[in-house]
């Protein structure tokens, strides 16, 4: 298969994946973001990169969004939200972080393939994404892509869809978001 044909197959996989996301869970995620004081993101590896991209877009909307581990990230508290992206839901550093956030009174949401995982169990609720972490074939979700690529791509698509939903709910335009875009580069 040639490169463009691979790209076309990836798009087909994403179409099959996205239609399996629960509308109710996705709407609940958008709703909880709107009511949070501050929104924090965590994830390991590529899942973490997707969370960083989501935090950036929320900042563009004027929402107080932070990435855990950055030097400018404030403390989390009872009115705040921690969103964790984790395919397996078992990454121990993230489990520890979720426990700490819960102890401090924050709401925890995990976006995962495994809502019955350790992270899913600690969370106030989970958003389930289809697939199998680091596996190319599971439960009818066959992918040509390596490792957890399909999960990570579906994750960023969900996050971008939530941004569009929030823009609609807040009657915000892309132009308004550009006003908050970095301007020193």
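What's the number of the condition residue 184 fails, among (1) farther than 17 Å from residue 61 by Cα; (2) surrounded by 13 or more Cβ atoms within 10 Å (Cβ to Cβ)?
If we test residue 184 against (1) farther than 17 Å from residue 61 by Cα; (2) surrounded by 13 or more Cβ atoms within 10 Å (Cβ to Cβ), just (2) comes out false.
Given the criteria touching a strand residue (DSSP E or B) at 6+ places or on another chain (Cβ under 9 Å) and within 26 Å of residue 11 (Cβ to Cβ), does residue 158 qualify?
Taking the combined requirement at face value, the residue satisfies it.
Hey, can you tell me all the residues within segment 21-40 that are in contact with a strand residue (DSSP E or B) (Cβ under 8 Å, 6 or more places away or on another chain) and either modelled with pLDDT under 95 or closer than 16 Å to residue 115 by Cβ (or both)?
Within segment 21-40, 21, 22, 25, 26, 28, 29, 32 qualify.
Taking helices (runs of 4 or more DSSP H) that do not extend beyond segment 1-84, which have at least 1 residues that are at positive phi?
Those helices (runs of 4 or more DSSP H) span 45-60.
Scan (1) loosely packed, with under 14 Cβ neighbours inside 10 Å; (2) at pLDDT below 95 for the single condition residue 105 breaks and write down its number.
Condition (2) is where residue 105 drops out.
Among the residues of segment 142-149, are any modelled with pLDDT under 95, more than 19 Å from residue 51 (Cβ to Cβ), touching a strand residue (DSSP E or B) at 6+ places or on another chain (Cβ under 9 Å) and part of a loop (DSSP other than H, G, I, E, B)?
Yes: one or more hits.
Looking at 109, 127, which one is part of a strand (DSSP E or B) and either out of contact with any strand residue (DSSP E or B) (no Cβ under 7 Å at 6 or more places or on another chain) or closer than 19 Å to residue 15 by Cβ (or both)?
Among 109, 127, only 127 is part of a strand (DSSP E or B) and either out of contact with any strand residue (DSSP E or B) (no Cβ under 7 Å at 6 or more places or on another chain) or closer than 19 Å to residue 15 by Cβ (or both).
The values are calculated or read from the model by the stated rules, or taken from the named source; none is laboratory data. The structure presented is a predicted model; accordingly, all values stated were derived computationally and were not measured. Because the Cβ atoms are built from the backbone with ideal geometry, glycine has one as well, and the counts that use them run over all protein chains shown.
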